[in-house]
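Asks: Quick one: this structure, given as structure tokens, is what I'll be asking you about.
The values are calculated or read from the model by the stated rules, or taken from the named source; none is laboratory data. Since we're looking at a predicted model, the values are computed, not measured. Positions of Cβ are backbone-derived with ideal geometry, glycine not excepted, and every protein chain shown enters the neighbour counts.
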Amino acid sequence: MPAGHILLHRDSALVPTAQGVIVASKGKVSALLDFDGGDVAEVERVIASGWQGIPPNVDTIGVAVHPVDGSIYFGLGTAAFNNAYLVDQAGNSAFNLASPRGTIQRIKPDLSGRETVCTGVRFTIGMEFNQANELFATDQEGATWLANGNPFDELLHVLPGRHYGSPPRRPRHLPKVFDEPSLFDYGPQHQSTCGFVLNLPREPADKKPYSASGSQATQRTKISSGRCCSPRGNGGQTALK
């Protein structure tokens, strides 16, 4: 089940001769490429895969392209939504901060590899960069399966190396993290946000679309992490103002 996509225009750094879309789906991130301009993809190019699978269909989630270097960001869902610390019958935790599960990943611009940007996320369905090249993401949190967990979904200002509290620090199972606070919390948990958009000027429909690698990035209005954000009732999306 696809759970995140972003347009890839013909002058992108990834494939300069094709347009298409980058799609996050179960077990992979793919570029669906249209080389002849017919608005139908002829080629699927898998650009990231190989992580350990999980039972839910919601697996690889959310996609964003860095406006300057063209690197691709995506989320990997938590290893076990109903057992966050991976505790066995003996009470021992198998949770591993080095695992890519429950993280946001960055694919290098030349597709030569990927790296972990942050940990402590659950299901980061929506992602987008602002004009200042800051990454924001929505995270479907919720305390349904985690005693004393966060009862709200979150809007995150994603910073490298941070842990965003899913699962949160615990003296026994996860003592060596600091839980970075969210930018904004909202409900109902699990389902209030399946995507969001930054409230920025957009190119008119009859103009050339925004390119992740082009100079048009400078035309976007800056949205900083200190500005206000608010939920809105439009199918589960949240706007930053």
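Asks: Taking the options Thr116, Thr78, name whichever one is closer than 24 Å to Val65 by Cα and buried (at least 18 other Cβ atoms within 10 Å of the Cβ).
Replies: Details: Thr116 fails: buried (at least 18 other Cβ atoms within 10 Å of the Cβ).
It is Thr78.
Asks: Next question, about the same structure. Are any of the residues in the range 70-80 farther than 19 Å from Gly53 by Cβ, of a type in the set (S, T, N, Q) and under 20 Å from the mean Cα position of the chain (by Cα)? Can you show your working first?
Replies: Going residue by residue through the range 70-80, those that are farther than 19 Å from Gly53 by Cβ are 70-73.
From the residues that got through so far, the ones that are of a type in the set (S, T, N, Q) too are 71.
Those still in the list that are under 20 Å from the mean Cα position of the chain (by Cα) too: 71.
Looking for residues that are farther than 19 Å from Gly53 by Cβ, of a type in the set (S, T, N, Q) and under 20 Å from the mean Cα position of the chain (by Cα), one finds at least one in the range 70-80, hence yes.
Asks: Something else about it: If you go through the range 9-16 one residue at a time, do you hit one that is over 20 Å from Leu159 (Cβ atoms) and at pLDDT 85 or above? Spell out how you get there, then give the answer.
Replies: Our first condition is that a residue be over 20 Å from Leu159 (Cβ atoms); within the range 9-16, this holds for 9-16.
Checking the rest, the ones that are also at pLDDT 85 or above come to none.
Among the residues of the range 9-16, not one is over 20 Å from Leu159 (Cβ atoms) and at pLDDT 85 or above, which makes the answer no.
Asks: Residues in the range 37-60: is at least one touching a strand residue (DSSP E or B) at 6+ places or on another chain (Cβ under 6 Å), modelled with pLDDT of 95 or more and either surrounded by 14 or more Cβ atoms within 10 Å (Cβ to Cβ) or of a type in the set (Val, Ile, Thr) (or both)?
Replies: Looking through the range 37-60, none of the residues is touching a strand residue (DSSP E or B) at 6+ places or on another chain (Cβ under 6 Å), modelled with pLDDT of 95 or more and either surrounded by 14 or more Cβ atoms within 10 Å (Cβ to Cβ) or of a type in the set (Val, Ile, Thr) (or both).
Asks: Can you tell me which residue among Ile125, Ile104 is farther than 16 Å from Ser71 by Cβ, aliphatic (A, V, I, L, M), touching a Cys at 6+ places or on another chain (Cβ under 6 Å) and crowded, with 21+ Cβ neighbours inside 10 Å? If you could, list the steps in order and put the result at the bottom.
Replies: On the way: Ile104 fails: farther than 16 Å from Ser71 by Cβ.
Exactly one residue qualifies, and that residue is Ile125.
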